[in-house]
Amino acid sequence: MPSSVPLRRLFVALLLSCTVLVSATACGNDSGTGASASASPSATASAQKQKLAKTRFVANAGLAAGATYQWIIKPYRSGKFKKGADGRTFALVKAGLAGGFAYNRLKAAAENAKGDPLLSKAVAPLAAGIESLKGMGTKLRSGQAGAGDVGAFEDVITNIKDAGKSAGAEVKDKVPSASQLGG
């Protein structure tokens, strides 16, 4: 048994040495064609970046729209946020999480839009509206949100959807799971 401990240590030391050797080799300066080929962007890389920007915009905006509708607008309209309503606390907590999640996804969608010229022009005027939602998650969670606050979320989501549609990136609601809301 005592001889197995030094053998394990030897194995770990050998494994770490190999890892360091491989890392050092991978990080070295390559004078071959690989470095020069990746340094110059090609037309297809630019087109693919734009396509991915639209795709990521649609995904992020869709998640924001789905969370807003499912856990903020729908419960508000059904009266779940009113004092004394059945399940009010749980609805407010979910709305607060959804508000923070939607704000985060809208910021990501606005960042994604910068990768596509047409989408960037369509979304740029909405930055102030997105920024106005920053503290809304906390306001919803504490039960201080009113009709104007819920309406602000709905307006921003509608404007994002319209901007995406005008740029050829139609946004459809995609309801995130409860675990996605929590982090």
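The values are calculated or read from the model by the stated rules, or taken from the named source; none is laboratory data. Predicted model only: the values in this text are computed from it and were never measured. Counting neighbours? That spans all protein chains shown, and the Cβs are built from the backbone with ideal geometry, glycine included. Ligands, DNA and RNA are excluded from the accessible area calculation, which covers all protein heavy atoms including side chains. Shrake-Rupley method; radii C 1.70, N 1.55, O 1.52, S 1.80 Å.
The table that follows gives values for the structure above.
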| read-out | value |
| --- | --- |
| Among the candidates Lys74, Lys80, residue that is open to solvent by 80 Å² or more (accessible area, probe 1.4 Å), touching a Gly at 6+ places or on another chain (Cβ under 7 Å) and modelled with pLDDT of 65 or more | Lys80 |
| Residues that are in a helix (DSSP H, G or I) and not hydrophobic (A, V, I, L, M, F, W, C), drawn from the stretch 110-137 | Glu111, Asn112, Pro117, Ser120, Lys121, Pro125, Gly129, Glu131, Gly137 |
| Enumeration of residues in the stretch 132-182 that are open to solvent by 70 Å² or more (accessible area, probe 1.4 Å) and free of Cβ contacts under 8 Å to residues at least 24 places away in the same chain | Gln144, Asp162, Lys165, Ser179 |
| Residue selected from the stretch 110-131 under the condition in contact (Cβ under 8 Å) with a residue 12 or more places away in the chain and under 24 Å from Gly182 (Cα atoms), by the criterion surrounded by the fewest Cβ atoms within 10 Å (Cβ to Cβ) | Gly129 |
| Considering residues of the stretch 153-180 that are in contact with a Gly (Cβ under 8 Å, 6 or more places away or on another chain) and hydrophobic (A, V, I, L, M, F, W, C) only, the residue farthest from Lys74 (Cα to Cα) | Val171 |
| Flag if Asp86 is closer than 25 Å to Met136 by Cα, acidic (Asp, Glu) and either open to solvent by 50 Å² or more (accessible area, probe 1.4 Å) or modelled with pLDDT under 95 (or both) | yes |
| Sole exception among (1) of a type in the set (A, V, I, L, M); (2) farther than 18 Å from Ala59 by Cβ; (3) assigned to a loop (DSSP other than H, G, I, E, B) for Val171, by number | (2) |
